[in-house]
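Chemist: Attaching a single structure in structure tokens format; questions to follow.
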Amino acid sequence: MSDILTMANVQRPLPVVDDFNRPYWEAGAAGVLRLTECANCHALLHPPQPVCRYCRSEDIGWRDVSGRGVVVGVTINHHQWDPKFPPPFAIATIALEEDPRARIISNIVDVAVDEVRVGMRVRARFEHHEDVWIPLFVPLDEPDAELPVDETAPEDHRRWIRPMLGTERIEDKVAITGIGTSAIGRRLMRQPLALTVEAIKAAVADAGLTIEDIDGLSTYPGGPPMGGFSEGGVSAVEDALGIRPTWYNGGSETFGPAGSVIAAMIAVAAGIAKHVVCFRTVWQATFAALQRAQSASNASPYGAGFVSGGGRVPGFSGPYGIGSAANNLAMYASHHFHKYGTTRETLGWIALNQRRNAGLNPKAIYRDPLTMEDYLSARMISWPFGLYDCDVPADGSIAVVVSHIDTVKDLRSKPVFVEAIGTQMTERVEWAQSTMTHEPQVLGPSAHLWTRTDLRPDDVDVACLYDGFTFNCVSWIEGLGFCGIGEAKDFLAGGKNISLDEGMFALNPHGGQLSAGRTHGMGFVHEAVVQLRGDGGDRQRKNARVAVVSSGGLTPAGAILLRGA
């Protein structure tokens, strides 16, 4: 029997309380859990909303509920993100008995670590701090529950896909004509804007263009260089290079770097610009090193860094020790494990494949061989994720040039053409309320992609799939139809189906973010172009003609299908 999770030594960050959420945080004083409810259709709504997403009524009030629910996703966090929140502790997603569509993220307490599981029946109890009563959950001495189903079954997202309006497609009007990277490494200790300029110059030269030819800029997330996530965005790059764009784009509410590439495609197809350079710069590893040097903080390039600080935290999950997207995605992985029999070995075949490919990529950060024994024995981060399930924080910049199709014949580069894009959102963006079986935002874009092309998954030679964590890849493999929903365990067993030489397709030939380094999505676009040009060297997939790229992890996501000249 392992230690009982009491969390008595935790110093919780407290939530921001306002008129909007006060009934939720104060209800525990009366020993009840209180959520907003639609007076028209009686749906429970969490987080609180001014309108019902189900019937669109604005007649919203508060309702006391039983506090009973079932664990639909759980992770045991083993990594110390914050010294005030020592591990191990359990973070869970609980579907409420009255309306399982309403879910709460919380901690499970008063239970042994090895007894926390998906399907466990729980009830709320409250921990009083200052002016708030924080809901925690304790197990009930009852048989496990049958899991509630998602609003849309994972096999059924195609029913939401909106058909094309006509035969005219932006995909037919654009091509990727240039790619470039800066140096990429663990801690380069370089100015992030310098990395961006290096990548942009390389991409523009690769396209056979000059800086003066570039009339558009597109990036994700843009904005100030906060937390190692950006070089400062479009404004900083324009000021440094003097491009004077006719069109520009930057923002975080898109599906990562591929979102900025598709935005560029739209602008080019519309005739606003001829050549748009898209760029993505990360320097989280250097940022974390600088933070540690300047203070006694535990700033981490793996996640959010601080879980708590001097002030209060917004939202409804702040008090529960979530220090990384690893905690959130691990809860979805646990649901997949429970429902489909997926195992840690399933995830391990992803990690081993990426490392094997990285050994053929001289620019990859981690190239040493990795065995399944190495994978399974590595220290745990947030169950079921161990060290090798998590991508490698890095510094670097990658740039891509999107050009109008009419300019391609005049360029010296070998163009890569766009076959289809998948962008439709069919799931809730709110993490705890979204699809539980897979990484949220995968199933909609995947279904959308295949409605814009006559090609099918069997036509794909290279799959450059987002792998911030191994489970991202599992979700995309199933979502894109390379195997059936819930069949990843058998499909990935032994790793042959995804291998560079023998696979049904080659998965992340460069090593992905798990071994080559976290470039936050743009590295997949770059590798797809390398493969379709036949420039992969030792890691080249023979006769690669079609590649799919996915982008986004727990955020709005999207996919692009590319084909060679």
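Chemist: All other residues with a Cβ under 13 Å from the Cβ of residue 517 taken together, and with Lys, Arg as +1 and Asp, Glu as -1, what is their net charge?
Modeler: +3
Chemist: Please give me, ordered by residue number, the GluC sites (Glu not before Pro) of segment 38-102 that lie in loop per DSSP and have at most 13 other Cβ atoms within 10 Å.
Modeler: In loop regions of segment 38-102 (DSSP not H, G, I, E or B), the sparsely surrounded GluC sites (Glu not before Pro) are 58.
Chemist: Once R0 is set to 35 Å, what does the formula 1/(1 + (r/R0)^6) return for the Cβ-Cβ distance between residue 128 and residue 239, expressed as a FRET efficiency to the nearest 0.05?
Modeler: 0.10
Chemist: In deg cm²/dmol and to the nearest 500, what is the mean residue ellipticity at 222 nm of the chain if only DSSP H runs of at least 4 residues count, each as -39500 (n - 2.57), divided by the residue total?
Modeler: -6500 deg cm²/dmol
Chemist: Can you give me the distance in nm between label points at residue 312 and residue 156, each placed 7 Å from the Cα along the Cα-to-Cβ direction?
Modeler: It works out to 4.0 nm between the two label points.
Chemist: Report the calculated FRET efficiency for residue 40 and residue 455 (r = Cβ-Cβ distance, R0 = 51 Å), to the nearest 0.05.
Modeler: 0.70
Chemist: Give the order of 436, 425 when sorted by the count of other beta carbons within 10 angstrom, beginning with the fewest.
Modeler: Placing the least packed residue first, the sequence is 425, 436.
Chemist: Taking other Cβ within 10 Å of each residue's Cβ, how do 391, 467, 3 sort, fewest first?
Modeler: 3, 391, 467
Chemist: Using the per-residue mean of other Cβ atoms lying within 10 Å as a proxy for protection, in what order, highest first, do the peptides 48-55, 526-533 fall?
Modeler: Per-residue mean Cβ counts within 10 Å order the peptides as 526-533, 48-55.
Chemist: P(r) of segment 4-148 in 10 Å steps, Cα pairs, percent per bin?
Modeler: Calculated P(r), rounded to whole percents: 12, 38, 36, 13, 1.
Chemist: Now a separate question. Using a cut-off of 17 Å between alpha-carbon atoms, which lysines can reach residue 409, once sequence neighbours fewer than 8 places away in the same chain are excluded?
Modeler: Leaving aside lysines fewer than 8 places away in the same chain, those within reach of residue 409 are 173, 274.
Chemist: Same structure again: Considering Cα pairs under 8 angstrom that are at least six residues apart, work out the relative contact order of the chain and quote it in whole percent.
Modeler: 17
Chemist: For the chain, just give the cysteines left without a disulfide-compatible partner, judged by no other Cys Cβ under 4.7 Å.
Modeler: Taking the Cβ cut-off of 4.7 Å, the unpaired cysteines of the chain are 278, 390, 464, 473, 483.
Chemist: Which of 395, 19, 535, 215 comes first, and how do the rest follow, when ranked by fewest Cβ neighbours within 10 Å?
Modeler: If I rank by nearby Cβ atoms, fewest first, I get 19, 535, 215, 395.
Chemist: Size of the dipole of segment 312-453 about the Cα centre, Lys and Arg at +1 and Asp and Glu at -1 on the beta carbon, nothing else charged, in debye to 20?
Modeler: 140
Laboratory data are not the source of any read-out in this text; all were calculated from the coordinates shown. Small disclaimer: the values here were computed from a predicted structure and weren't measured. With ideal geometry, Cβ positions are generated from the backbone for all residues, glycine too; neighbour counts draw on all protein chains shown.
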